[in-house]
């Protein structure tokens with residue numbers, strides 16, 4: 001056991017203290033100023049993508065982290081919400097209905113909710129493998145429907161629309177990316193706050209109880225099935241909102257938005273961030289979107305690296321990135337972060353260098369095998385190297401080996417420092 | 001006056017093996033009733049039948065005169081019956097406080113509410129604090145329940161069981177695996193928290209049984225061979241022969 005002192009003051013029942021509001025206010029402020037720091041359109045597009053992924057990942061974690069339901073088909077609810085919103089945009093273009101564009105994600109959410117109510121009515125009967133298999137089957141079924149029900153899904157080319165036909169809001173017609181950014185940021189704050197509050201309601205608390213021990217929950221008067229059903233419906237609602245925002249941002253939805261690959265990605269994002277904490281999926285979504293967009297610009301093999309990072313996370317840090325951060329709370333409270341600095345530098349830094357060396361070798365191998373005959377020059381970490389040069393190969397392999405060797409040598413020291421950092425000084429207990 | 005809990009011709013078979021072979025039992029209101037018997041007599045199975053964990057093969061179970069046939073555990077719980085488990089059965093990843101608070105939710109009428117916040121109900125939070133005080137775990141309030149010591153987890157288990165205010169409390173071997181001092185602590189706790197309620201318990205520790213129970217039933221091979229006051233059961237020759245002689249000897 002860590003010896004944290006458990007005397008921290010508790011907020012009075014129902015009190016909205018500044019301490020509980022502070023992270024939310026900071027997040028809102030952060031979202032407000034981000035476009036001034038990263039002003040170009042591609043950066044704003046990435047941030048929009050990030051916000052959508054955050055909402056989707058938080059919604060997904062209502063199932064996985066909060067409710068203990070592993071879904072392989074959650075893209076269905078986001079996708080359906082998105083398709084519905086594109087259709088509504090088209091109806092607005094035809095003049096059949098009119099409303100301000102910022103309201104649109106709400107309808108995506110309601111459509112996602114409706115479908116979740118339908119599917120959840122039988123899929124949440126059982127948890128575990130049965131739930132996972134049903135989610136997989138339903139995901140496949142809806143994805144297959146996209147080429148069958150062409151009138152709704154638009155077949156292989158999907159459906160597209162134009163977001164600018166809504167009633168202007170204070171003169172804003174959402175022609176510019178930056179306007180869409182603030183719309184997305186607004187929905188992000190609203191959805192995240194509502195999802196957080198949901199986890200604090202009786203049914204949200206019981207979702208955790210059913211996750212931990214469904215049988216015990218039954219002996220407290222709650223039907224595990226209905227507790228799961230409520231979480232599932234709420235999750236479908238917020239996934240639908242993410243779908244609506246996707247529709248506004250990209251103005252097109254295709255089969256890709258509903259298929260199993262997208263469902264798998266959100267599982268990966270959520271797990272990478274950490275399922276045990278409310279804010280875990282937020283970190284996961286930010287890191288993943290950055291990896292996916294920035295890494296993609298530099299290498300064709302980006303998915304390989306994302307996969308490797310995911311596997312490493314599952315194996316070494318099952319708590320995800322959020323769990324990794326939370327592990328440092330105890331040393332921080334004990335004022336012993338300083339103990340960790342040196343071993344981190346002497347162990348993790350060589351480890352990272354070794355990993356980069358391995359990635360370099362992979363890139364060179366890929367280039368040597370796949371590039372056109374005679375094309376031997378490639379860019380590698382801002383250098384020009386030849387993928388056929390023995391010197392370059394020797395260098396990259398040496399860096400890899402040295403990095404890993406140093407990391408391995410430093411590991412016992414790191415472990416000792418970690419134990420030391422987690423031990424309270426005498427007399428503090 | 002109708003009994004709090006009534007069993008009539010209750011039978012349960014697993015495949016061809018009959019585990020409970022016709023049990024008739026009537027437990028009155030506010031009675032402390034212990035069920036004892038050798039290992040494999042079917043005591044835990046009897047508990048699981050009463051609480052709806054297993055379906056019965058035949059016979060009747062009535063709680064305050066109401067037939068429980070076909071009801072799920074959560075429905076039986078809502079009728080005012082709560083149980084603990086032989087193997088500790090808590091919510092390990094949630095804090096001790098959350099464990100107790102969850103046990104209060106349904107009883108206080110929160111149902112499946114997603115429009116109210118648990119932190120805003122004074123009744124709920126004070127109720128949970130009160131239970132923690134009762135089971136002596138206030139100091140452990142914010143720890144994940146899974147890291148508590150064994151005796152503390154057993155105390156929490158009892159806290160969760162009584163929190164909902166059920167008037168029939170069933171405890172399955174509450175002192176199993178405990179040291180003497182821990183046993184004394186749990187027995188005092190049980191006596192305290194079940195005042196005025198009907199208590200049904202399975203227990204191996206004869207000291208606990210004879211100290212706590214108003215009446216005792218002896219279950220041997222799926223049948224009740226004797227029911228009565230501790231003195232009557234102790235003096236019963238059939239019980240002496242089948243079980244108690246050996247059990248009491250083992251105590252000394």
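The values are calculated or read from the model by the stated rules, or taken from the named source; none is laboratory data. This is a predicted model, so every value here is computed, not measured. Cβ sites come from the backbone with ideal geometry, for glycine too, and all protein chains shown count toward neighbours.
Quick notes on this structure:
- Entry remark, region B:128-145: residues being more than 21 Å from the chain's Cα centre (by Cα) and either more than 9 Å from chain A (Cβ to nearest Cβ) or surrounded by fewer than 20 Cβ atoms within 10 Å (Cβ to Cβ) (or both) number 7 in total.
- Answer residue from region A:85-101, given it is in contact (Cβ under 8 Å) with a residue 60 or more places away in the chain and within 30 Å of the chain's Cα centre (by Cα) and is nearest to residue A:112 (Cα to Cα) among those: A:85
- In region B:62-73, residue nearest to the other protein chains (Cβ to nearest Cβ) [restricted to those that are assigned to a loop (DSSP other than H, G, I, E, B) and free of Cβ contacts under 8 Å to residues at least 24 places away in the same chain]: B:72
- Residue that is surrounded by fewer than 18 Cβ atoms within 10 Å (Cβ to Cβ), out of contact with any strand residue (DSSP E or B) (no Cβ under 7 Å at 6 or more places or on another chain) and in the same structural domain as residue A:67 (by TED's automatic domain parsing), where the choices are A:127, A:144: A:144
- At least 3 residues being modelled with pLDDT under 90 and surrounded by 19 or more Cβ atoms within 10 Å (Cβ to Cβ) is the threshold, and among the strands (runs of 3 or more DSSP E) wholly inside region B:166-252 not one reaches it.
- Among residues of region B:74-89, those that are more than 7 Å from every other protein chain (Cβ to nearest Cβ), touching a helix residue (DSSP H, G or I) at 6+ places or on another chain (Cβ under 8 Å) and in a loop (DSSP other than H, G, I, E, B), counted: 4
- Given (1) assigned to a loop (DSSP other than H, G, I, E, B); (2) exposed (fewer than 13 other Cβ atoms within 10 Å of the Cβ), index of the condition residue A:122 fails: (1)
- Count - residues of region B:146-162 that are in contact with a strand residue (DSSP E or B) (Cβ under 8 Å, 6 or more places away or on another chain) and either facing chain A (nearest Cβ under 10 Å) or modelled with pLDDT under 90 (or both): 1
- All of A:275, A:314 fail the test of being in contact (Cβ under 8 Å) with a residue 24 or more places away in the chain and outside any helix (DSSP H, G or I), apart from A:275.
- If the condition is being within 9 Å of chain B (Cβ to nearest Cβ) and either modelled with pLDDT under 95 or within 18 Å of the chain's Cα centre (by Cα) (or both), then region A:225-248 contributes only A:234.
- Checking residue A:400 against (1) assigned to a helix (DSSP H, G or I); (2) within 23 Å of residue A:331 (Cβ to Cβ), the condition it does not meet: (2)
- Selection of first residues in region B:44-59 that are on the phi > 0 side of the Ramachandran plot and more than 11 Å from every other protein chain (Cβ to nearest Cβ) and of second residues that are surrounded by fewer than 20 Cβ atoms within 10 Å (Cβ to Cβ) and not in a loop (DSSP other than H, G, I, E, B), restricted to Cβ pairs under 7 Å at least 6 apart or on distinct chains, gives the following pairs, ordered by first then second residue: B:59/B:8; B:59/B:9; B:59/B:11.
- The residues of region A:47-78 that are in a loop (DSSP other than H, G, I, E, B) and surrounded by fewer than 24 Cβ atoms within 10 Å (Cβ to Cβ), listed by number, are A:68, A:70, A:72.
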